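A short reminder: the numbers here are calculations on the coordinates, not readings from a lab. Everything numeric here is computed off the predicted structure, so don't read it as measured data. In this analysis, Cβ positions are derived from the backbone assuming ideal geometry, glycine residues included, and neighbour counts consider all displayed protein chains.
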Amino acid sequence: TATVRVQPVLELPPATTCALRLRGGQTGLHDLAGNVLATDVRIPFTTSTDTASPSASLSPSDGAANVAPGSRVVVVFDAPMDPATLRDDTVLVTDDVGTPLAGTRALTGGDRILTFTPNVPFTNLTYYRTRVVGGSTGARRATGNWFPTDRTARFR
């Protein structure tokens, strides 16, 4: 009810001051009840200087087998990440059916290395999953760029 998501048709230029205009009046935005946005709303913003999408290396890697029960899950990012975006719901470690594992997290290496230590050792011959959520609500670089898609690994 209070969110407007905008997807640009073309790529925005890097390091540029831009503005989003929400058109008001009878030809502009209306809510579901038909109420009109009274006047135009202008929202200025500056695009990032960073033009690349982030990448990450997940360990254990996808398809890894015979992972030691006392192992930790490590995600190494290619650039410093925004710590506020590396939450339990954006970097997930779960069993094979999606139940989150309890454990502790540590962000080190200049905000580039996330280490997850499970409270209980992994069980032999059991599958687990790691997922770094992509998109605008997922993990982000410190510059604001996000993964275009999820990064995942399934291991046992």
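Couple of notes before you dig in:
- Around Arg112: net Lys/Arg minus Asp/Glu count, Cβ-Cβ under 12 Å: -2
- Placing a label point 7 Å from the Cα of Ala64 along the Cα-to-Cβ direction, the residues of segment 76-101 whose backbone N falls under 14 Å of that point are 76-77, 93-94.
- For segment 7-84, trypsin sites (Lys or Arg not before Pro) are listed when DSSP marks them as loop and at most 13 other Cβ atoms sit within 10 Å of their Cβ; the list is Arg23.
- Two-decimal log10 I(q)/I(0) for segment 8-104, as the Debye equation yields it once each C-alpha is a single scatterer, q = 0.17, 0.18, 0.20 Å⁻¹: -0.93, -0.97, -1.07
- Dipole orientation for segment 68-142: of the candidates Thr94, Val133, Thr108, Thr108 has the Cα lying most toward the positive pole (charges on Cβ; Lys, Arg +1; Asp, Glu -1).
- Extents of segment 73-130, largest first, come to 34, 18, 18 Å (Cα atoms, principal axes, whole angstrom).
- The orientation-averaged projected area of the convex hull spanned by the Cα atoms of segment 60-102 comes to 4.0 nm².
- Relative compactness, segment 53-149, computed as alpha-carbon Rg over 2.2 N^0.38 Å: 1.04
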